[in-house]
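Single-structure report; data block below.
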Amino acid sequence: MKIGCPKEIKPQEFRVGMTPNAAQEAVARGHEVIIETGAGLGSGFDNDAYVAAGARIVDTAKEVFATADMIVKVKEPQAVERKMLREGQLLFTYLHLAPDPEQTHDLLASGCTAIAYETVTDSNGGLPLLAPMSEVAGRLAPQVGSWTLQKANGGRGVLMGGVPGVGPAKVVVIGGGVVGTHAAQVAAGMGADVTVLDRSLPRLRYLDDVFGGRFKNQYSTAGATAELIQSADMVIGAVLIPGAAAPKLITREQLSTMKPGAVLVDVAIDQGGCFETSKATTHADPIYEVDGIMHYCVANMPGAVARTSTIALGNATMPFMLALADKGWKQACQDDPHLLAGLNVHAGQLTYYAVGKALGIDVVSPAMVVKA
Ligand SMILES: NC(=O)c1ccc[n+]([C@@H]2O[C@H](COP(=O)([O-])OP(=O)(O)OC[C@H]3O[C@@H](n4cnc5c(N)ncnc54)[C@H](O)[C@@H]3O)[C@@H](O)[C@H]2O)c1
């Protein structure tokens, strides 16, 4: 198969869909890999690294789209990219179609087959191609939060781990899923005093079994949150209610109960944020203050560490990408129901129910499509 990887063109996107290592694995299996010049630079991979892996470099995205049987990307195709997709071409990338009718209609009109990273599943009920980015955002949260806690950045001037004779920072993590667990691990590793709140008892049992000695956990109620935030130096918002906007768990009124210069890191900002005073910010201008409390609300946190994020995403996507290349999308999806769960669009038909419901478009069963 001819596998093409264009340079990402969405503003502030430095990741790339294919690492040189993934390219090398595909080439070793007899596939041809075509990379747009400079596609990997934002993640620290130059053209030479791809050439050494056996890939071919081309000058333009147009050439990549014109030549490839499968396009592997990171972000949803932008309008100019969607115009280059063609009937029968396979697209493997993040799509997030439900809130994006324009993209959905363009993909349907193109006749391509589109498999969305975010809806591929695993046998534990998880989302294996979303998890790596949650891991990155979670581990990054205490890092950016501790920077914000520094005096010059508007914070309380508290060191995460304290020093001998001075206690550590108090960190509260709301939501103990993928983001929250990784955030708590890093905050505890920095020496902070960490408490994780979650509403799932099985999850709290898991956290207690695995991390009991390293951070505390507590059942999440409005009362517990109100009490804990009064003494917190940093609160990390990491909740998710699948398919819904994030619940607002700290109100503006409650900010006055917190210590001046305390920091809120709202990782759930991509779902609307879990603090009433959160509004999405960018890496260029990540923090702002409300009523004496510092807020960090960057919606695409993994972009700050593009190299780590690219490699982490590549590790997770590569087995699926190779299966698609080796077998063709139809056979690969017949063999793997988790990959089939990623099928969103095929030949002008929508194949993902939640997207159809959100956009009022008829949906064809993906199982029917792969059997046809
Ligand atoms: N900003 C970014 O760059 C970025 C990157 C990755 C993920 N995210 C976002 O981070 C959020 C968390 O993602 P995740 O992968 O950890 O999800 P997850 O499903 O693994 O975990 C969410 C957790 O929240 C818990 N929860 C739900 N309601 C709660 C409540 N009221 N109080 C306490 N806990 C509650 C759930 O029980 C679950 O354990 C999502 O909104 C996701 O989109 C943002």
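Counting only protein heavy atoms and using a 1.4 Å probe, what share of the accessible area of the chain belongs to carbon plus sulfur, as a whole percent? After summing per-atom areas, the C and S share lands at 54 percent. The length gained on full extension between Asp59 and Val290, counted as 0.36 nm times the residue separation minus their Cα-Cα distance, comes to 78.5 nm.
Taken per residue, the accessible surface of the chain reaches 43 Å², heavy atoms only and a 1.4 Å probe.
Over the chain, Cα pairs under 8 Å with separation of 6+ residues give a relative contact order of 17 percent. Within the straight-line cut-off of under 26 Å between alpha carbons, the lysines reachable from Lys151 are Lys170, Lys259, Lys279, sequence neighbours fewer than 8 places apart in one chain being disregarded. What is the angle, in °, between the Cα long axis of helix 306-327 and the longest principal axis of the Cα atoms in the chain? Nearest 10 is fine, range 0 to 90. It works out to around 30 degrees.
The values are calculated or read from the model by the stated rules, or taken from the named source; none is laboratory data. Because the structure is predicted, anything quoted here is derived from the model rather than measured. These area figures cover heavy atoms from the full protein model, side chains too; ligands, DNA and RNA do not enter into them. Shrake-Rupley method; radii C 1.70, N 1.55, O 1.52, S 1.80 Å.
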